[in-house]
Amino acid sequence: HRIIFFSIYTGFSFWGALSFIISGILTVVSAKKQTKSLLRGNLGANTLSTLVSFVGICILSCNLTKNGHYDCKKETLCLGIKSVATGLVIVLIILTCLQILISLPLSMLNYNV
């Protein structure tokens, strides 16, 4: 029996981080040089990053639920892995919430510009 790492199987750790990195780079570049195409690209990237974050929270919540329901039958190694996996998923949920708190206002600010 294995603890299910649903978020790893979906690749969220990678494509979630990649979307946030791309939107961050576009935000910095468009702040230095404000062209119409860069501002549109920045708006699209920040909007996509926000959507990816919402999907990521759903994926991570499913992962957290599955880990919580997994029965280790008092095996020490399994219990340790389960608690580490649960801690990692909680940290990822917190970081994903921070991603929403950054990308959503940037999208709204960029839309107004």
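The values are calculated or read from the model by the stated rules, or taken from the named source; none is laboratory data. Keep in mind it's a predicted model, so treat the numbers as computed, not measured. Don't worry about glycine lacking a Cβ; one is built from the backbone with ideal geometry, like all the others, and counts go over all protein chains shown. The area values use the complete protein model at the heavy-atom level, side chains included, leaving out ligands, DNA and RNA. Shrake-Rupley method; radii C 1.70, N 1.55, O 1.52, S 1.80 Å.
Mind checking which residues of the range 19-34 are open to solvent by 40 Å² or more (accessible area, probe 1.4 Å) and either closer than 18 Å to L104 by Cβ or among the β-branched types (V, I, T) (or both)? Correct list: F20, I21, I22, I25, L26, V28, V29, A31.
Annotation: of all residues in the range 66-89 being surrounded by 13 or more Cβ atoms within 10 Å (Cβ to Cβ) and out of contact with any helix residue (DSSP H, G or I) (no Cβ under 7 Å at 6 or more places or on another chain), the one that is nearest to L51 (Cα to Cα) is L88. Taken across the range 86-93, residues that are farther than 16 Å from G16 by Cα and either of a type outside the set (S, T, N, Q) or over 11 Å from the mean Cα position of the chain (by Cα) (or both) do occur, with at least one present.
In summary, no helices (runs of 4 or more DSSP H) completely within the range 1-102 bear 1 or more residues that are in contact with a His (Cβ under 7 Å, 6 or more places away or on another chain) and without any contact (Cβ under 8 Å) to a residue 40 or more places away in the chain.
Can you find even one residue in the range 35-52 that is open to solvent by 70 Å² or more (accessible area, probe 1.4 Å), at pLDDT below 85 and either touching a strand residue (DSSP E or B) at 6+ places or on another chain (Cβ under 8 Å) or over 19 Å from Q99 (Cα atoms) (or both)? Within the range 35-52, not a single residue is open to solvent by 70 Å² or more (accessible area, probe 1.4 Å), at pLDDT below 85 and either touching a strand residue (DSSP E or B) at 6+ places or on another chain (Cβ under 8 Å) or over 19 Å from Q99 (Cα atoms) (or both).
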